[in-house]
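Chemist: Sharing a structure with you now.
The values are calculated or read from the model by the stated rules, or taken from the named source; none is laboratory data. All of these numbers come straight from a predicted model, not from anything done at the bench. Every residue, glycine among them, receives a Cβ derived from its backbone with ideal geometry; neighbour counts consider all protein chains shown.
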Amino acid sequence: MRTRPQTDMELQLRAREALKRNMLVASKRIRTDVRHGTVRLEGEVDYRAQRQAAEDIVRQLDGVLRIDNAIGVRPPDATRHGIDASIQAALAQLNAADPVEVTVVESHESVVVFGGPRV
């Protein structure tokens, strides 16, 4: 965290862009608000690592005086449907140029994921 050289609006835009560039962070599920150099992060993510990564990314920006991390953590749905939806959402976030096909198979207490380029 450093001194505050730009407006809160500029800092908020830079924070949003920085979060979008990181694939670990579910940036579409995180909202930012900046007041007097304090960045408030809100929303919900699947893992604590995503919550911490969002804070770490924003902390590196010039002008951040303080971070209020109010991001909640809710573990993902571990059913076949939930895993399939999570994978599809991750692939969409990557904006892959080549289409990818993923199949999720549930067997007893395990889940197997198959996939590759769509032909």
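Chemist: Quick one: count up the residues across the range 57-75 that are exposed (fewer than 13 other Cβ atoms within 10 Å of the Cβ) and closer than 21 Å to residue 23 by Cβ.
Modeler: Result for the range 57-75: 4.
Chemist: Go over the candidates 49, 26, 15 one by one and state the one that is hydrophobic (A, V, I, L, M, F, W, C) and touching a Ser or Thr at 6+ places or on another chain (Cβ under 6 Å).
Modeler: Exactly one of 49, 26, 15 is hydrophobic (A, V, I, L, M, F, W, C) and touching a Ser or Thr at 6+ places or on another chain (Cβ under 6 Å), namely 15.
Chemist: Next up: Test of understanding: among 62, 84, which residue is modelled with pLDDT under 90 and not in a strand (DSSP E or B)?
Modeler: Of the residues listed, the single one that is modelled with pLDDT under 90 and not in a strand (DSSP E or B) is 84.
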